[in-house]
Amino acid sequence: MADNYMIPNTKMRSRDRVFKLGIIDDKLPKNSTGMVDTRLFTGDNKLHAKMDPETCFWSLQYDSGALPQPLKVNFTTFPALKRHVEDYFKTRNIEIKEIQD
């Protein structure tokens, strides 16, 4: 499979996409187990969506640190993964500002 595998109805082609996150209303992010890693907002730590070329499943991964249990899920499509990430972070006062392809 070529590295520029294209998902239908989107211009994104990469198997490794980075979510840029930001705080929704300038309040502290919420988390049931403590503070959210603030490096996610500065770019010092990044949330990646990666597609496994053998299984074509999408999963999430941080550059450093442990991924929260609710994000340790595989998805069959990138749009399904994106919806899950949006829902997860929305309850924590965080939004996706940008997705880098």
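Details
- Residues that are exposed (fewer than 13 other Cβ atoms within 10 Å of the Cβ) and part of a loop (DSSP other than H, G, I, E, B), drawn from the range 75-94: Thr76, Thr91
- On the stretch given as the range 30-44, residues that are part of a loop (DSSP other than H, G, I, E, B), surrounded by 14 or more Cβ atoms within 10 Å (Cβ to Cβ) and either of a type in the set (D, E, K, R) or at pLDDT 95 or above (or both) total 1.
- Unmet criterion (only one of (1) surrounded by 12 or more Cβ atoms within 10 Å (Cβ to Cβ); (2) at pLDDT below 95; (3) aliphatic (A, V, I, L, M)) for Val18: (2)
- Extreme residue, nearest to Leu21 (Cα to Cα), among residues of the range 38-72 that are charged (D, E, K, R) and more than 12 Å from the chain's Cα centre (by Cα): Arg39
- Among residues of the range 88-99 that are over 18 Å from Lys72 (Cα atoms) and at pLDDT below 90, those with a Cβ under 6 angstrom from a residue that is aliphatic (A, V, I, L, M) and surrounded by fewer than 15 Cβ atoms within 10 Å (Cβ to Cβ), sequence gap 6+ or separate chain, pair up as Asn93/Ile24.
The values are calculated or read from the model by the stated rules, or taken from the named source; none is laboratory data. Only a predicted model underlies this, so the values are computations on that prediction, with no experimental measurement involved. Note: ideal-geometry Cβ built from the backbone for every residue, glycine included; neighbour counts use all protein chains shown.
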